[in-house]
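The structure appears below as structure tokens.
All of the numbers you see were taken from the coordinates with simple rules; none came from a lab. This is a predicted model, so every value here is computed, not measured. Heads up, the Cβs are rebuilt from the backbone with ideal geometry, glycines too, and the neighbour counts pull from every protein chain shown.
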Amino acid sequence: VQLQASGGGLVQAGGSLRLSCVASAERIRDYKMGWFRQAPGKEREFVAVIRWNGGQSYYAESVKGRFTISRDNAKNTVYLQMNTLKPEDTAVYYCAASLGAWSTLHDQNVYNHWGQGTEVTVSS
């Protein structure tokens with residue numbers, strides 16, 4: 001599985017960014033696709049996850065209502081639309097793919113493959 005994340009950048013607080021993650025693999029539809037982030041000096045944390053088939057998703061409480069995860073099956077691409085960004089959203093954002101159980105997908109340890117990360121900086 002290869003994952004290529006992009007779309008990070010510098011934005012002012014209150015602004016928006018959309019991250020993309022292009023996935024390539026046989027049987028990619030078997031995987032669930034997650035976004036995680038790691039702020040400087042902090043542990044990597046779960047942001048959101050989505051299924052390719054059906055589009056079921058869930059979010060970390062810290063981003064619920066501001067971030068939206070979606071997917072385009074035809075393009076093998078998962079998106080993370082981030083609105084009303086806050087300085088505390090500053091982090092390197094990673095996409096990842098997992099074969100794990102749906103209820104465990106907030107746990108980075110159940111992810112089998114990771115992209116290279118894209119940096120998001122939110123200025124106050």
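Worth pointing out:
- Distant-in-sequence amide H partners of ARG71 (H built 1.01 Å from N, under 5 Å): TYR79
- For the pair THR104 and ARG29, label points projected 7 Å from Cα toward Cβ lie 2.4 nm apart.
- All Cα pairs of the range 1-59, percent lying beyond 17 Å: 52
- Listed values for the range 75-90 are Karplus-derived 3J(HN,Hα) couplings in whole Hz (6.51 cos²θ - 1.76 cosθ + 1.60, θ = phi - 60°), namely 9, 6, 10, 10, 10, 10, 7, 10, 10, 6, 5, 10, x, 6, 7, 4, and x replaces Gly and Pro.
- Ignoring aspartates and glutamates fewer than eight residues from LYS32 along the same chain, the ones with Cα atoms less than 18 angstrom from its Cα are GLU45, ASP72, ASP107.
- Lysines with Cα under 21 Å of LYS86, excluding same-chain neighbours fewer than 8 positions away: LYS42, LYS64
- Size descriptors for the chain, from the alpha-carbon set: Rg then Dmax equal 13.3, 42 Å.
- Structure remark: mean-square fluctuation, Gaussian network model of the chain, C-alpha springs under 10 Å; the largest value among ILE28, ILE50, ILE69 belongs to ILE28.
- Amide N proximity, the range 5-37 versus ASN76 label position 7 Å along Cα-to-Cβ, cut-off under 19 Å: 5-7, 20-35
- The GNM of the chain, with springs linking C-alpha atoms under 10 angstrom apart, assigns the highest mean-square fluctuation among ARG51, ARG29, ARG37 to ARG29.
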